[in-house]
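In what follows, a structure is listed as C-alpha cells, so that the remarks can point back to it.
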Amino acid sequence: MRKRYLLSVLSLVAFAATAVTITGSASGKSPAYGAKAAASARVNVTVFSPQQGDVAGKESKGFFVDLAVRYPSLASSGAGFQLTGPTAHQNQAPFPGAFAPGVDEKLPGLIVLLSTTTVGAKNAQNLANLFNLTGFTNQKTNEIWDTWIVGASSFGRNVHSVLRVAVAADRNKDGIYNDAPAVVPDANRDGRINAIDLTAYGVASNIVAVPFQISD
C-alpha cells in the first residue's frame, strides 16, 4: 500500500510484543460531522488505518492507528519528532517522547478516541499520547504523519469499536493548535463521547469517525 508502512513496521516492531499496562469513514475526504464543519476546517485529518469495516488486530491488539494531519503552517501544529513506546522505550534517543494516555506533547492538538477503551476515562479518554511515531512528511503541505501500534488489549476484545479523530480548536488563541484535552467533556451527559461532544469542546478540523472491529 503505502511506503510509510514499511518505515512504521521497521521502526516499531520492537514495541509490538510489549503490552500497554496503563499504569464515517476512514478518510479526510469523507464527510465530517456536518457540512459546515468540513467547509470551515482550517486543519485536515485523514485516517489511513483502520478503514471502515476492517477486522483489525490479533488477540485484540497489534493493529495500527495511522493518520495524517495538515495544518495552516508547521508552526501552528506545535509538533515535534518522536519514536516512543511503553516502559523502556519512552524518552529514548533519537526522538524521545512520553507514552501514556492523554495529550501528546509532540502533537498537542490531536484528539484520538476509541469508543471501547477500557482504561482511564474510557470512551472519553484522549489516546493521542500513545502514538509511537510522529514525523514531518511534507513541508509544502504542512503535513504530519502519526502512527500507533496498539500493544495491549485495553480497547475491548472482539468488539465493534469506533475510532474518532480530530484536532482541537485554538482555544487559548496563541496561534498554535495545542489545546487538546486529556479527557473530552461529555457535553450532553449521555455517557457517550462522539462528534456532538467534540464539536461542543471546539475543533479546528474535520471529525473522522471509523467504525471497525477489534478481533482476537
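Descriptive notes on the structure:
- Close amide H contacts of G62 (hydrogens built in the peptide plane, cut-off under 5 Å, sequence separation of 5 or more or a different chain): V150, G151, A152.
- Between S161 and F212, Q213, I214, the built amide H atoms are under 5 Å apart, and every one of these is 5 or more places off in sequence or on another chain.
- Stretching R157 away from R192 to a fully extended chain increases their span by 10.7 nm, per 0.36 nm per residue minus the current alpha-carbon distance.
- Reach of K58 by Cα under 16 Å, taken over aspartates and glutamates that are not fewer than 8 positions away in the same chain: D216
- Only Lys, Arg, Asp and Glu carry charge here, each on its Cβ (+1 for the first two, -1 for the last two); on that basis segment 141-216 has a dipole of about 200 debye about its Cα centre.
- Computed with a 1.4 Å probe over protein heavy atoms only, the accessible area of S115 comes to about 40 Å².
- In Å², nearest 10: area of K122 left accessible to a 1.4 Å probe: 100 Å²
- Under 11 Å, Cβ to Cβ, from T84 - net charge with Lys/Arg +1 and Asp/Glu -1: -1
- Residue by residue, segment 185-190 carries 3J(HN,Hα) couplings of x, 8, 4, 9, 6, 9 Hz when phi is fed to the Karplus relation 6.51 cos²θ - 1.76 cosθ + 1.60 (θ = phi - 60°); x denotes Gly or Pro.
- Computed from backbone phi with θ = phi - 60° and the Karplus coefficients 6.51, -1.76 and 1.60, the 3J(HN,Hα) list for segment 53-60 is x, 4, 10, 9, x, 9, 6, 6 Hz; x is used for glycine and proline.
- At the residue level, Y177 shows approximately 20 square angstrom of accessible surface with a 1.4 angstrom probe and all protein chains present.
- Taken one residue at a time, the phi angles of segment 124-134 give Karplus couplings (6.51, -1.76, 1.60, θ = phi - 60°) of 8, 6, 6, 9, 4, 7, 8, 6, 8, 9, 10 Hz. Gly and Pro are set to x.
- Residues whose amide H lies under 5 Å from that of Q82, counting only those 5 or more places away or on a different chain, are T134; hydrogens are built 1.01 Å from N in the peptide plane.
The values are calculated or read from the model by the stated rules, or taken from the named source; none is laboratory data. These numbers were taken from a predicted model, which means no experiment stands behind them. Ideal geometry is used to build each Cβ from the backbone, glycine not excepted, and the neighbour counts take in all protein chains shown. Quick note on the areas: whole protein, heavy atoms, side chains included, nothing else; ligands and nucleic acids left out. Shrake-Rupley method; radii C 1.70, N 1.55, O 1.52, S 1.80 Å.
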